[in-house]
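No lab work stands behind these numbers, since they all come straight from the coordinates. What you are looking at is a predicted structure, and each value in this text was computed from that prediction instead of being measured. Because the Cβ atoms are built from the backbone with ideal geometry, glycine has one as well, and the counts that use them run over all protein chains shown.
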Amino acid sequence: MGVRIKSTGTSRAGDTFSIVELSARAAKQSLERAGVRADQVGVLINAGIFRDSNTVEPAVSALIQKAAGIGLDYEKNDPRSFSFDLMNAGVGVLNAVQVGQSILAMGGVEHVLIVSGDTHPSMQRGAADDEFPYASAGAALLLEYTEEPEGFGRVHTVSGEGSPAIESYVDVATMGTRGREIMTHLRDADAEERLLAVAVDAASAVLAENELPLATTALIASTPTAGFPARLAAELGIAADAVRTPDLAQGDPHTAALPLAYDLAVQDESLRGCTHVLFVAAGAGPSAAAVVYRLPALVGADA
């Protein structure tokens, strides 16, 4: 028994760069794929960081919830839906999984919907560049409780020491009248090495706790650089061909990286023959989280 991924949803920048719209589209796609009604979602958690026009209030989760059409009726006997932001850089999605596990284990909620994704605050571009190294994309994980021996294990988290390694902020000393459309981004020269160190620690804790068959375990990790997942696999003794990544043509999708990679692997059936997925997230802090996911039989079954 545990908490499993019922379905996924994704949305890439095209006719819009709004992360509210992109996340809402991903949320609606996940519901459509699962055949789940909006009123069956009890909680929506938004793990995105960079938002439209540097919005501070209201919570972006509420804007996404409205755009996705979840919990908009207020009749006496209508089901209630609750949403909130959970912001922890690239680690937020796995933190949200941890919260979702607790919510679903308590009962009374059919589904928890996790959305994530980032965009440039100007909403004028979707590809990463040196100034803002994140691609615009939205992603969703629809979670449900199951009595089957599948789903997420225990989430392990690790925090590093020293400076955050990566920082993003609006510089009030220089923003002038453009505070809603700019973002200052700083990355230490050794940021990748420090993220790798905490990611290895978090993943090693999972491997120590679980006797995973590495030959049938896929690795899905954050993508602060294109080569980060492969480097992590090498450190953990996982084969390079076990790594699954999202489409990085537009750059690092940041908080959406893990669900985008999982969705792509499911859609192209590259998880066939796998029994487990090791999810590892790393981000500013430096911090990391890792969790094992036992694949449902239909996902990992051989053709």
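Restricting to DSSP loop positions (anything but H, G, I, E, B) with no more than 16 other Cβ atoms inside 10 Å of their own Cβ, which GluC sites (Glu not before Pro) remain in region 208-303?
Within region 208-303, the qualifying GluC sites (Glu not before Pro) (loop, at most 16 other Cβ atoms within 10 Å) are E211, E269.
With q set to 0.11, 0.12, 0.16 Å⁻¹, the log10 of I(q)/I(0) for the chain, from the Debye formula over equal scatterers at the Cα positions, is -0.61, -0.73, -1.31. Provide the FRET efficiency to the nearest 0.05 for the R154-A230 pair, computing r from the beta carbons and using R0 = 25 Å. That gives a FRET efficiency of 0.45.
Simple point charges give the picture: +1 on the Cβ of Lys and Arg, -1 on the Cβ of Asp and Glu, and for the chain a dipole about the Cα centre of about 520 debye. The orientation-averaged shadow of the Cα convex hull for region 109-250, equal to a quarter of the hull surface, comes to 11.7 nm². Beta bridges assigned by DSSP with both partners in region 2-149 are antiparallel in approximately 65 percent of cases. Dividing the mean sequence gap of close Cα pairs (under 8 Å, 6+ apart) by how many residues region 2-149 holds gives a relative contact order of 39 percent. Note on D188 and L248: the model spin-label points, each 7 Å out from Cα along the C-beta direction, lie 2.2 nm apart. Result for the chain in a Gaussian network model with C-alpha springs under 10 Å: among L271, L113, L72, the largest mean-square fluctuation is at L72. Candidates A68, N95, G176 compared by Cα position along the dipole of the chain: farthest toward the positive end lies A68, with charges placed on Cβ.
Can you give the convex hull volume per residue for the Cα atoms of region 164-236, as a whole number of Å³?
121 Å³
Secondary structure note: in the chain, about 70% of the DSSP beta bridges are antiparallel. Compactness of region 2-149, taken as the C-alpha radius of gyration over 2.2 N^0.38 Å, stands at 1.02.
Can you tell which of F84, F279, F152 shows the greatest fluctuation in a Gaussian network model of the chain with Cα springs below 10 Å? Of F84, F279, F152, the most mobile in the Gaussian network model is F84.
Build a GNM of the chain with springs between Cα atoms under 10 Å: which of L236, L31, L143 gets the top mean-square fluctuation? For the chain, modelled as a Gaussian network with Cα springs under 10 Å, the answer is L236. May I ask you to derive the relative contact order of the chain, considering only C-alpha pairs under 8 Å and at least 6 residues apart, and to give it as an integer percent? Averaging sequence separation for qualifying contacts and normalising by length gives 23 percent for the chain. Cβ crowding within 10 Å, taken as a proxy for footprinting-reagent exposure, orders D130, D118 from fewest neighbours to most as D130, D118.
If you average the sequence gap of Cα pairs under 8 Å that are 6 or more apart and divide by the length of region 165-266, what percent do you get for the contact order?
Reported as a whole number, the value is 21 percent.
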